[in-house]
Amino acid sequence: MYTAWQKKIIVINVCIIMFINALSLGIVTPVFPELLLSDTKGLILDNNISRVFMYSLCVSVIPMASMVGVPIFGIVSNMHKRINVILLGIIGNFLSYGIAVIAIIMHDVWLFLFSRVISGVCLGVFSLSNILMNDISDETRERTYYFKLSILCTLGGSIVGPMLSILCMKIKLDNPLLHSLLVPYIAASCLYIISILSTLYCYKLVVGSSYKQQQNRKSYDFDTKFVAKELFNSVVFMFKYPKRKIVATVFVMHQFANGLFVQGLPMYLAKYLNYTPLQLSYLMLAISLTIMMSTYLYDKFEWLTSDNSYQTQLKLAVLFTGSINIIIFSLGHFLVSFDIQLYHHAFFWISAMTIYALTPVFKFSFTELFVRCVEEKGARKGEVSFVDTHNAQDSLGNAIGSMPQISQVAGFLSGLLVGILLTYRDILLICGMTYMLAFGLLLYYFRKYES
């Protein structure tokens with residue numbers, strides 16, 4: 001059992017880890033488009049290499065590496081002390097930013113791509129941090145409180161990050177090597193030193209009696225085939241039966257379209273509307289504040305999270321998001337043709353804020369949809385009906401656990417497609433059509449299975 005003091009140390013350490021991760025992402029994300037697209041200060045000075053394609057490759061490699069890294073970290077943490085594996089992942093993130101700094105100085109895009117792979121693999125450490133808080137929780141209320149603290153720290157880091165990025169842009173340096181694209185990555189790597197020291201301190205204070213329950217664990221050899229099998233099963237679990245297949249397909253379509261919009265927007269603004277990293281920092285700050293406010297307001301209205309509201313919410317959110325993308329696509333040519341730049345910028349900002357404001361709606365609605373599609377009362381011909389609690393809980397866990405893996409696959413595909421599509425208007429058209437198809441599938445699903 002953990003003492004109250006030990007729990008406090010662990011929770012503080014996890015909050016620091018989550019805050020610094022979000023903070024680091026918030027610092028470096030605004031400079032990412034110019035880092036890949038600039039032909040003077042960027043990574044690619046050779047005009048024979050497609051900058052747009054390398055941008056999409058660097059974006060897509062993160063979800064693919066994460067899809068492999070998360071289950072590996074989870075399995076290894078079950079074999080060894082969880083905090084040891086967390087420390088290893090934090091060191092990996094620190095090294096990834098350090099390698100990125102070297103790559104920027106050398107203008108080596110392939111070395112930078114390698115740093116992105118390391119960063120993606122080590123994303124599993126943040127899932128482990130939440131699992132660690134689950135380990136120390138004795139009751140549901142305590143667990144919920146800890147998770148809320150973790151989410152709050154993540155949101156706080158995503159807000160403070162763009163602010164620090166703005167400060168980095170305003171630093172004037174005499175050394176030509178330390179240009180505005182390099183300083184954010186140096187700052188991010190230094191921040192991870194704080195996470196490393198915090199985790200080492202936590203390990204030193206808590207590692208004693210707190211891990212008695214792990215001392216009796218059997219020693220297992222790391223089985224690569226087992227990891228690959230678990231990874232494959234986590235992705236295909238929701239595609240095994242007709243009912244689940246519809247739900248999973250809708251979720252894939254949402255994640256794919258959302259990934260296109262989110263990953264393509266910074267590139268479009270930087271390449272075609274000449275957005276500077278400073279302007280993108282302001283946009284990231286506005287997006288983070290929008291997500292925080294929408295999450296806060298969503299939790300305040302209890303009727304939004306009632307059992308019977310998720311169907312309406314999900315249908316309206318999908319329809320509304322698809323409509324927004326099609327409207328932007330339709331008006332984009334008009335705005336550019338008449339050179340209405342002010343309205344063009346404002347229109348993209350308002351549209352982006354609106355779509356990001358729906359983040360909590362999509363999160364709650366899809367989670368509820370995944371849970372309900374494996375419940376006994378929804379079972380029909382060709383489906384599995386769970387008659388005992390143990391199997392039902394396992395299936396619910398598999399359903400929820402498959403969501404991030406499906407998201408990573410969709411993120412990889414959308415990231416690659418960003419570099420292939422010609423303009424952002426193409427992206428908007430595909431996003432709008434995908435959401436409309438998802439809306440049609442939702443109507444079919446709810447009418448057939450949950451009417």
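Per residue, the average separation of C-alpha pairs within less than 8 Å and at least 6 apart gives the stretch 1-209 a relative contact order of 41 percent.
Annotation: amide H of residue 419 within the under-5 Å range of 56, sequence separation 5 or more or interchain, hydrogens built in the peptide plane. Taking 7 Å steps out from each Cα toward its Cβ at residue 447 and residue 84 produces label points 5.7 nm apart.
In order along the stretch 315-321, phi translates into HN-Hα couplings of 4, 5, 5, 5, 5, 5, 5 Hz, rounded to whole numbers, per the Karplus curve 6.51 cos²θ - 1.76 cosθ + 1.60 with θ = phi - 60° and x for Gly and Pro.
Quick check for me: using +1 on Lys/Arg Cβ and -1 on Asp/Glu Cβ, what's the dipole size of the stretch 1-209 about its Cα centre, in debye to the nearest 20? About 440 debye. Are any of the pairs 7/148; 148/243; 229/315; 148/245; 7/300; 315/363 more than 23 Å apart by Cα-Cα distance, and if so, which? The pairs that break the limit, which is 23 Å between Cα atoms, are 148/243; 229/315; 148/245; 7/300.
Bear in mind these aren't lab numbers, they're just calculated from the coordinates by the rules spelled out. This one's a predicted model, so the numbers in the text were calculated from it and none came from an experiment. Neighbour counts run over all protein chains shown; Cβ positions are idealised from the backbone, glycine included.
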